[in-house]
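Below you'll find the structure, written out as structure tokens, and then a few comments.
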Amino acid sequence: MSETLVVVGSQWGDEGKGKITDYFATRADMVVRYQGGNNAGHTVMFDGNKYSLQSIPSGIFNPATVNVMGNGMVVNPVSVCAELDKLQERGVTDYKLRISSRAAMVMPWHPLLDGAYEQSKGKALIGTTKKGIGPAYSDKYSRVGLRMGDLLDPGYFRERLEAALEVKNRELQMLGLPTFNADEVYDQYMKLAERLAPMICDTSELINEALRTDNDRVLFEGAQGMMLCIDHGTYPFVTSSSPSAASVPVGAGIAPQWVRKVVGVAKAYCTRVGSGPFPTELHDTIGDGIRERGHEYGTVTGRPRRIGWFDAVVARYTAQLGGITDWAIMLLDVLTGLDTISICTDYELDGCRIKNPPSTIAALERCKPVYIEMPGWTEDITGCRTYEELPENARKYVEKLAELTGVQIGMISVGPDRRQTIIVDKELEKF
Ligand code: GDP
Ligand code: IMO
Ligand code: MG
């Protein structure tokens, strides 16, 4: 029997999925991204080197691991090539990368449309990464999208391109944006195809083959966080895919039974980039301190991240939706030095205690967090490698998170490096 493990973001993204994926990738046969695109920014640190990945899976540093960009992703071939160039400059040349022939393709008009939609929203803008992710997913569902496999058949690609431009050029014109010439896009993409074609294949078949192989370990790497889920997040301030483990079967092309153990990656506090409700947001020097200590600036856009206390309402909600079996509590070291640390246990909405986030932004914005306070610790924890080495108050803090959410602590991260990781649930070591 093969082993599977899913890594998902359980807050608003940037929880440390890259670090956790890389940690397990050192022993994974396969790492699969199943949704999102180059809106993601996943940081990986080991041996004194720091890398940032956008759409390439975080197992890319392990030459033996097959890295798969699944059909549920939106793939920008220009940005994939740029990412590969960047890796090459850093000496990362020995890797295995496969791209699904069924993955939707980000076309050059998508970032332009992303920008124009944002501009037209005025003050209600989402604060997207402007990578064209929303428009690319929209085109997929409107069925005017192109797919990565189209690049393998120039005649078919040309046909699909012309059909898409028939619609998109009209829309671009209407919005006062530049239009596209089929010949130029064709030439540009056929050049990209020369490089990417050897990697494009039926990845569902590839993953299923690994799943059928005894003792193979297949890791699924989520992007974004579940509060940014198109269905269950703080709509409309969300991304355009579902980061949940529930997306794995569709986005990878496997049966749902393969989703078993799910690590929910959560910061020991919360952050959010872009607009939208954030009940536990801090607008004071405590928040500023956390931002500086945690280097909380966006990996993709460089924007300062908004900071807030750990929100157990959000964590319970995403744990339930995502089938989270273990927490990976990240950046615990960043909370060192605080006298007290608050945790939001419930919301108060219009005078009533509620246990789950309401569905509208209007109601969410009226929610007042109900807090409990936990005593902090002053000891440097960045060198701790076992649970027992952590100061008592740090242990009490994470134990409270487990109690409030009903999910066990699987692992704890005390620094950005691969080694700064504490495994608490020994079952995770099986992977
Ligand atoms: P992702 O999008 O979920 O992969 O997360 P990002 O890479 O965008 O952001 C997480 C940031 O936190 C990165 O800069 C990581 O290097 C850093 N990081 C991860 N774990 C820890 C930790 O335990 N402590 C500290 N101080 N930084 C961490
Ligand atoms: P990782 O994988 C944090 C946010 C954007 C914006 C909203 C919609 O690194 O955790 P989009 O470009 O997806 O249409 O933007 O979602 N967002 C992220 N925030 N981490 C991410 O990815 C994000 N990907 C998208 O800031 O608010
Ligand atoms: Mg990120």
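A short reminder: the numbers here are calculations on the coordinates, not readings from a lab. Computed from a prediction, not measured in an experiment: that's the story for all the values here. Cβ placement follows ideal geometry from the backbone for every residue including glycine, while neighbour counts extend to all protein chains displayed.
Counting each pair of different Cα atoms once, what's the Kirkwood radius of segment 1-149 in Å, rounded to one decimal? Let's see the in-between values first.
Numbers: mean 1/r = 0.0617 Å⁻¹.
Answer for segment 1-149: a Kirkwood hydrodynamic radius of 16.2 Å.
At a temperature of 20 °C and a viscosity of 1.002 mPa s, determine how fast segment 273-431 diffuses translationally according to Stokes-Einstein, using the Kirkwood radius over alpha-carbon pairs as Rh; express D in µm²/s, rounded to the nearest whole number.
The calculation lands on 128 µm²/s.
Let a ≥ b ≥ c be the square roots of the eigenvalues of the Cα gyration tensor of segment 348-387; is it rounded (a/c under 1.5), or, if not, prolate (a/b larger than b/c) or oblate? Mind showing how you got there, number by number?
Details: a/c = 3.98, a/b = 2.80, b/c = 1.42.
Cα axes put segment 348-387 in the prolate bin.
Using alpha carbon centroids, what distance separates segment 363-404 and segment 206-257, in Å?
Answer, in whole Å: 28.
How large is the direction-averaged shadow of the alpha-carbon convex hull of segment 83-146, in nm²?
6.0 nm²
Could you work out the percent of alpha carbon pairs in segment 77-200 separated by over 18 Å, rounded to a whole number?
57 percent
Beyond 20 Å, what share of the Cα-Cα pairs of segment 40-113 remains, rounded to the nearest whole percent?
31 percent
Any number yet on Rg/Rh for segment 219-335, C-alpha, Kirkwood?
On the way: Rg = 14.8 Å, Rh = 15.1 Å.
With Rh from the inverse mean 1/r over Cα pairs, Rg/Rh is 0.98.
From the Cα gyration tensor of segment 174-259, with a ≥ b ≥ c the square roots of its eigenvalues, which class applies: rounded if a/c is under 1.5, or else prolate if a/b is larger than b/c, or else oblate?
Cα axes put segment 174-259 in the oblate bin.
Helix 154-174 sits at what angle to the longest principal axis of the chain, using alpha carbons and giving 0 to 90 degrees rounded to 10?
It is inclined by approximately 70 degrees.
Going down the table (K50/K267; K396/K426; K17/K123; K50/K396; K96/K426), which pairs top 24 Å between alpha carbons? Walk me through the intermediate numbers first.
Details: K50/K267 19 Å; K396/K426 19 Å; K17/K123 31 Å; K50/K396 31 Å; K96/K426 29 Å.
Cα-Cα > 24 Å for K17/K123; K50/K396; K96/K426; rest within.
Straight distance only, please: which lysines reach the Cα of K355 with their own Cα at less than 18 Å, same-chain residues fewer than 8 apart left out?
K355 reaches K368, K400.
Compute the relative contact order of segment 284-431 as a whole-number percentage, counting only Cα pairs closer than 8 Å that sit 6 or more residues apart in sequence.
Value for segment 284-431: 25 percent.
Please list 59-72, 378-391, 137-150 highest first by mean number of surrounding beta-carbon atoms within 10 Å per residue.
Ranked by mean Cβ neighbours within 10 Å, highest first: 59-72, 137-150, 378-391.
Ignoring everything except DSSP H segments at least 4 long, calculate the 222 nm mean residue ellipticity for the chain; use -39,500 (n - 2.57) per segment, divide by total residues, nearest 500.
-9500 deg cm²/dmol
Percent of alpha carbon pairs in the chain separated by more than 28 Å?
That tail contains 48 percent of the Cα-Cα pairs.
Would you work out the relative contact order for segment 61-183, in percent, from Cα pairs under 8 angstrom that are 6 or more residues apart?
Taking the mean separation of contacting Cα pairs over the length of segment 61-183, I get 24 percent.
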